[in-house]
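The values are calculated or read from the model by the stated rules, or taken from the named source; none is laboratory data. Quantities reported herein were computed from a predicted structural model and do not represent experimental measurements. Reconstructed Cβ throughout: ideal geometry from the backbone, glycine too, with neighbour counts over all protein chains shown. Please note that ligands, DNA and RNA were not included when accessible areas were found on the heavy atoms of the full protein model with its side chains. Shrake-Rupley method; radii C 1.70, N 1.55, O 1.52, S 1.80 Å.
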Amino acid sequence: MLSLIRSSIRDLLPVFLVVAFFQLAVLRQPIPNIGDLLIGVVLVVLGLTFFTRGLEQGLFPIGEAIAHAFARKGSLVWLLLFAFALGFSTTIAEPALIAIAEEAAKVAAQAGAIDADLQSMRNYARGLRVTVAFSVGIAIVVGVFRILKGWPLHYLIIGGYIIVVVITIFAPPEIIGIAYDSGGVTTSTVTVPMVTALGVGLATSIRGRNPLVDGFGLIAFASLTPMIFVMIYGMFI
């Protein structure tokens, strides 16, 4: 555990140094609430340490074990249903997605795109979260199917971004930025470990698949499809 704490401190040290340099050397202002800041730094270090340990001990092993089990079972339908459910459930729980959906609802209300009452903002944020989660579920299904069939990753990614560019032309300007950001926030703390473990475990279990070549790439789909689905959501809403 001590080695993980040291590793977390080493990883976070550049961030702390950059903030301190610009606060003290460029802005020439004292660091406000230094006591609270130090407590926050300690909590961040401990949080990153426990999170990393949890990934190593829990999420990665269980994700790979489930992938192996489905590969041995040989049921394509159940595997794809699990892939969709995994993508949907991990994304809907993403803290970053919850935060950006709530912020997008506030901004949309201020801009007059939706009613400014609390219920309308909640509905907008909920609809945005469900849309992104649904799109990630579809993305993981496509990614798993790609691993099974051995399709080249780059063709699917290039085709997906061509669709993004085309839809961007027709989407309302107010939704484009939100859609592009949605593609980034989905690949965060909850989704990435489970989806990566699923891809690597599945590629390891299938004869003729290279875990390094075929096991990765699911996250690329998870960050691509939300842009498409959210822009379509904005066109209808």
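At a glance:
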item	result
Carbon/sulfur fraction of accessible area - the stretch 29-130, other protein chains in place, 1.4 Å, %	67
Those residues of the stretch 110-144 whose amide nitrogen sits under 17 Å from the label point placed on Asn210, 7 Å along Cα→Cβ	none
Probe 1.4 Å, all protein chains present, accessible-area order of Ile140, Ile162, largest first	Ile162, Ile140
Cβ charges +1 (Lys, Arg) and -1 (Asp, Glu), total dipole of the stretch 14-127, debye	260
The chain: DSSP helices with Cα axial extent of at least 15 Å and average Kyte-Doolittle hydropathy no lower than 0.5	2-21, 34-54, 76-92, 95-110, 118-149, 153-170, 173-185, 191-205, 218-236
Ordering of 107-119, 87-99 by packing [mean C-beta count within 10 Å, highest first]	87-99, 107-119
Mean Cβ count within 10 Å, highest first, over the residues of peptides 38-45, 125-132, 212-219	125-132, 212-219, 38-45
Residue among Tyr161, Ile176, Val192 farthest towards the positive dipole end of the stretch 106-230, charges placed on Cβ	Val192
Contour minus Cα-Cα distance for Val19 and Ala69 (0.36 nm per residue)	13.4 nm
Spin-label proximity, Arg126 to the stretch 166-193 - amide N less than 12 Å from point 7 Å beyond Cα toward beta carbon	none
Ranked order, Trp151, Trp78 - accessible area, probe 1.4 Å, largest first	Trp78, Trp151
Estimated distance in nm for a label pair at Val77 and Gln57, the labels positioned 7 Å out from Cα along Cα-to-Cβ	3.9
Kirkwood Rh in Å, taken over the chain so that all alpha-carbon pairs contribute	19.9
Accessible area of the stretch 149-217 belonging to carbon and sulfur atoms, whole % at 1.4 Å probe	71
Per residue accessible area of the stretch 98-174, 1.4 Å probe, in Å²	56
Mean separation of Cα contacts under 8 Å (6+ apart) over length of the chain, as relative contact order %	26
Segment Gln110-Ser188, extension gain: residue separation times 0.36 nm, minus the distance between their alpha carbons	25.3 nm
Whole-number accessible area per residue in Å² for the stretch 1-64, which is evaluated in the context of all protein chains at 1.4 Å	75
Relative contact order %, the stretch 129-224, counting alpha carbon pairs below 8 Å whose residues are six or more apart	45
Extended-chain gain in nm, criterion 0.36 nm per residue less alpha-carbon gap, Leu12 and Ile39	8.3 nm
